[in-house]
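Report on the following structure.
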Amino acid sequence: LIAGRVVSGVSQRAACTIAMLATFRVWVLRALVAGCWCSSPCSAQWDQAASSAAISSCPATTLDAPVSQRGCQWSMDSMLLTISARLAKRNIALQERAQTSSLAHTSPAGPAASDGDHLQHTLAVVQKLATRVANGEAEVDDSTVAMLEGIREAMKQVLDSTMLDHKEGQQAVDQARDSVMECAEHVRVAEVAKAEATAKEEEHALCRSAQAELFRNRTKKCGDHAEVLQNPDIPDCMSELGHPEKTDYASAKLCVEHLSAWLSPYNASLTATGVACNATSVAHAAKVDQCHTAQVTFETNFCDQRKSAADACSRYTRCYSTEVAAQQRMYTTAKIAEHGRKSAVVAVTRIQCYTNVLEAEHQERPALLEHCSSVHPSTSHLDIVYHPIVEASQCNVSAVIPCDHGWVAERYEEKTWYADAPTASCTPCKAACAAHVCATGMILRTDADSIQGEDDKSCCEAACGSYVCPTGSVLRPDAGNISGSDEATCCQADVRYVLVSEKKTWSDALAHCQSLEGSSTLASIRSQAQQDVVTALAAEN
């Protein structure tokens, strides 16, 4: 335990106290089995080594004698209290050194079963001693009272540690709940993605509404212009001009005057309506282009955000499932730890009660002893608040895919603006590049799963298989499966070329062989078959 075992509930700090209080059971048992308790254990410097020496020094005749005749200087009860007090003092020093590191640990883990047993055994020992003292079967001298202080201090440490562990346990339970709630961040990401797609949809709808208004305005203006063109209201006399047999000079002159009066306003009207028609047509055409662009942006963004939302919802589902399972495991462990802390407080309170009996005046002891048997301290302050499991948030992705009939009908065809501002052809979502088959000499990009595309340009990159290595090197065996377009990535040395290109004189080659470690020999290659063997060996190595 002291070496680093973490026990919460009764905690590492309290466990050290309990463990050391329990350790003396072994030492006392050794003394009792030996049948003797000699003077060495009674000294102020008592320790385990001293007990061993004391037991071994007891005379054989004493070991065989009845307990009442062995001449032991201290009773078993005093011996237990002495050891407990010394261990308690030693434990306090250890706790002070370990406090900083212990505070940094938060765990809902409960006490080991043996730790609770140790505390219950201590209770049983103190209760037995208090009963004997209250019944007049034993006495408590001043030195024993002083030793009880060590027990009191040890129990105080257990209570303090229990309260700290309770705080840490509640924090751990709270954190388990918070971890589940933090999963909702993925839902917020999905909602943001949906909101962005909705914003693009609204931008497109506003554009189409404006387009529809421009269309109606253009229709009216160009209609007015067409009306002026089609119904010029030319004076009737104009048809008689140029036919002398039908008109005379005076009539012709009068007709010209009528034509002159008609022409100027007609020309102005024709010009004005023409300009208005042209202006509204230009504005409408520009708006159509703008809205088509907005439509493509909306549809593309919808695809991107739909994928983003789907990914976020998938992450939320995994996160929620994992954290809820962790929270449930945490609650199970925390409840065990909570029970352990409450049991420890009850035991410690009763131990403190029985030490009060031992320290009380003789006439007060029976009443105090009776009170201790009915002590049931409140442990409500150690209650852990267990939060209900947070319900899963709704994180849904539209099952309708852009350009499906239902999607087009809902977002375009059923809108009030659609009749006067029809949309362009819908742009469907691109599939992930992972499904694309690259052309010969190319391989999928490493990030093909996370990008969309349906062509080599978007999804593929050059493979080394199509690279031409320079003289002296050859393509790597796995060149078709790696991307690259340079010698360092795609090529390796050609063994045959290396053998041929590094020719040496016989004396240089011999000197080289002799400089190598071990027994190296030099042989000449006198045939193609021999060269093939050497080449094969070189390739293997």
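The values are calculated or read from the model by the stated rules, or taken from the named source; none is laboratory data. Note that the structure is predicted; figures quoted are calculated from it, not measured. Positions of Cβ are backbone-derived with ideal geometry, glycine not excepted, and every protein chain shown enters the neighbour counts. For accessibility, only protein heavy atoms count, side chains too; no ligands or nucleic acids. Shrake-Rupley method; radii C 1.70, N 1.55, O 1.52, S 1.80 Å.
Filtered by the rule that a residue be open to solvent by 80 Å² or more (accessible area, probe 1.4 Å), farther than 19 Å from R445 by Cα and not in a strand (DSSP E or B), region 477-495 gives P477, E487, A488. Just to be sure, is R526 open to solvent by 70 Å² or more (accessible area, probe 1.4 Å), of a type in the set (D, E, K, R), outside any loop (DSSP other than H, G, I, E, B) and modelled with pLDDT under 75? No. State whether the residues of region 279-297 include one that is part of a helix (DSSP H, G or I), farther than 26 Å from S425 by Cα, open to solvent by less than 60 Å² (accessible area, probe 1.4 Å) and out of contact with any strand residue (DSSP E or B) (no Cβ under 7 Å at 6 or more places or on another chain). Looking for residues that are part of a helix (DSSP H, G or I), farther than 26 Å from S425 by Cα, open to solvent by less than 60 Å² (accessible area, probe 1.4 Å) and out of contact with any strand residue (DSSP E or B) (no Cβ under 7 Å at 6 or more places or on another chain), one finds at least one in region 279-297, hence yes. Selection over region 387-416 of residues that are β-branched (V, I, T), free of Cβ contacts under 8 Å to residues at least 12 places away in the same chain and open to solvent by less than 50 Å² (accessible area, probe 1.4 Å) gives a count of 0.
Within the span defined as region 309-328, every residue fails to be in a helix (DSSP H, G or I), within 30 Å of T219 (Cβ to Cβ) and open to solvent by less than 40 Å² (accessible area, probe 1.4 Å).
Could you say whether any residue in region 184-207 is within 30 Å of V324 (Cα to Cα), open to solvent by less than 50 Å² (accessible area, probe 1.4 Å) and more than 30 Å from the chain's Cα centre (by Cα)? Checking region 184-207: not a single residue is within 30 Å of V324 (Cα to Cα), open to solvent by less than 50 Å² (accessible area, probe 1.4 Å) and more than 30 Å from the chain's Cα centre (by Cα).
It is to be established whether one or more residues within region 235-253 are touching a residue at least 24 places away in the same chain (Cβ under 8 Å) and over 25 Å from S308 (Cβ atoms). Yes, region 235-253 contains a residue that is touching a residue at least 24 places away in the same chain (Cβ under 8 Å) and over 25 Å from S308 (Cβ atoms). Here region 208-244 is the region considered, the condition is being more than 30 Å from W262 (Cα to Cα) and among the aliphatic types (A, V, I, L, M), and the residue that is surrounded by the fewest Cβ atoms within 10 Å (Cβ to Cβ) is A210.
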